[in-house]
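**Student:** Mind looking over this structure? Questions follow.
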Amino acid sequence: MSKRFKWILALSLMVVLSVGSVALGASKEVILATTTSTRDTGLLDVLIPIFEEKTGYNVKMIAVGTGAALALGEKGEADVLLCHAPASEMELVESGDVINRQLVMHNDFVIVGPSEDPAGVKGFKSATEALKKIADAEAVFVSRADDSGTHKKEKEVWNKLPFQPSGNAWYLEAGTGMANTLNIANEKLAYCLTDRGTYLSLKDRLDLAILVEGDAILLNIYHVMQVNPDRHKVVNGPGGQAFVEFMVSDEVQAIISEFGVDKYGSPLFFPDAGKSMEELGG
């Protein structure tokens, strides 16, 4: 065997080993696209280290609005999604972009506002009637306006009224995540629709109170789902599957059931693995 051939063989082996190690490293990364609410509540700060320790995967979390998270899944730019917009999620299920969609947990949305309540909506049982009263009073309302699950829910409620709020001076479109939107509402002494978990996690820093709650339309349901590796070849299928199985495991469901109790007196989310949407009324 000539020296030249040995050199070429050695070089080829180095390239193969290098590519193999890169592929192996990439396979240990799981890209999670999720909502700002799961990040802002601190739930994923608890769960992700447990997942990483148990599985050896490293999670790269991208916390955006649900619309943006679903778009990442649709383009194959994430491995697993944790979202709270069931109707929009089903579009990806039906297109084949996501698989293995599992119910994880729920909480609810609430309408918060200044304790002075200038629109007089405190105690309303209907979120739709509350928004109409806010609009009639031209009281300042801050919307996330970011195509998130929260924004989709807000639009669902507005759509029950014969008018749309966009374009009115009292309706502010923040285009930000839930925590930032609440901070803006706090500064403006404004009303806002928020998930309960994020509100409770920031409550001590806000001069906003829960004014409207309990309407069935305000149910906030979270699912976890894999991005389909057969449709998107660069997706980490085993990693995405492992994260789905982790989120619906008994251990994680137990953690969810207790998360927030020590600080707020009640959990920020309620575990739902194994249940049906019908059982939740969603």
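The values are calculated or read from the model by the stated rules, or taken from the named source; none is laboratory data. The shown structure was predicted, so the numbers you read here are calculated from the model rather than taken from an experiment. Every residue, glycine as well, gets a Cβ built from its backbone with ideal geometry; the counts of neighbours run over all protein chains shown.
**Student:** Given the conditions (1) of a type outside the set (S, T, N, Q); (2) modelled with pLDDT of 95 or more; (3) not assigned by TED's automatic domain parsing to the domain that holds SER27, which single one is not true for LEU202?
**Tutor:** (2)
**Student:** Being touching a residue at least 40 places away in the same chain (Cβ under 8 Å) and buried (at least 18 other Cβ atoms within 10 Å of the Cβ) is the filter here; which residues of region 155-183 pass it?
**Tutor:** VAL157, GLY177, MET178, ALA179, LEU182, listed by residue number.
**Student:** When you scan region 234-266, how many residues do you find that are in contact (Cβ under 8 Å) with a residue 60 or more places away in the chain and not in a helix (DSSP H, G or I)?
**Tutor:** Looking only at that region, the number is 6.
**Student:** Here's a follow-up. Considering region 47-63 alone, what residues qualify as being closer than 22 Å to ALA179 by Cβ and either of a type in the set (Gly, Ala, Ser) or without any contact (Cβ under 8 Å) to a residue 40 or more places away in the chain (or both)?
**Tutor:** Listed by number, the residues that qualify are ILE48, PRO49, LYS60, MET61, ILE62, ALA63.
**Student:** Among the residues of region 110-128, write down those that are in contact with an Asp or Glu (Cβ under 9 Å, 6 or more places away or on another chain) and either assigned to a loop (DSSP other than H, G, I, E, B) or of a type outside the set (S, T, N, Q) (or both).
**Tutor:** Once the filter is applied, which keeps residues that are in contact with an Asp or Glu (Cβ under 9 Å, 6 or more places away or on another chain) and either assigned to a loop (DSSP other than H, G, I, E, B) or of a type outside the set (S, T, N, Q) (or both), region 110-128 yields VAL110, ILE111, PRO114, SER115, ALA119, VAL121, PHE124, LYS125, SER126, ALA127.
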